[in-house]
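Where a number appears in this text, it was derived from the coordinates with a stated rule and is not lab data. These numbers were taken from a predicted model, which means no experiment stands behind them. Here the Cβ positions follow ideal geometry from the backbone for every residue, glycine too, while neighbour counts run over all protein chains shown.
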């Protein structure tokens, strides 16, 4: 199963802590959705939004045990859904984790560069440590 990531899991430092297998990956776009910062957190959430799109990374053919690890890692605030991605102009199916409570999202976009520069360290020490990964 393909898995689309749009936040912390786009980064190898996080992905490799959660999954055990090695997977081919590529840049992809999730149409019809928007990514927003989660209030009070370093990570984002995604919700459906007509006319919007989210850039991220798709991992190909993720094994069932790793999918179960991802489900545990994302936890109850997120719901895994089947979507169609745009991969260089071609549609491909994937799973994505959508936030269940849009009220937790900030009105503005999530800053990917800021996360990569500083937020990832807080995320690894906080969220990942709490989740045991």
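How large is Rg/Rh for the chain, to two decimals, with Cα atoms and a Kirkwood Rh?
0.93
Write down Rg/Rh for the stretch 1-62, rounded to two decimals, with Rg from the C-alpha atoms and Rh from the Kirkwood relation over Cα pairs. Present the calculation step by step, with values, prior to reporting the outcome.
On the way: Rg = 12.2 Å, Rh = 12.3 Å.
Ratio value, two decimals: 0.99.
Each listed q (0.13, 0.14, 0.16, 0.21 Å⁻¹) maps to a log10 I(q)/I(0) for the stretch 61-133, found by the Debye formula over equal Cα scatterers with no solvent: -0.55, -0.65, -0.85, -1.27.
Descending by average beta-carbon neighbour count within 10 Å, the peptides 105-112, 11-18 line up as 11-18, 105-112, the highest first.
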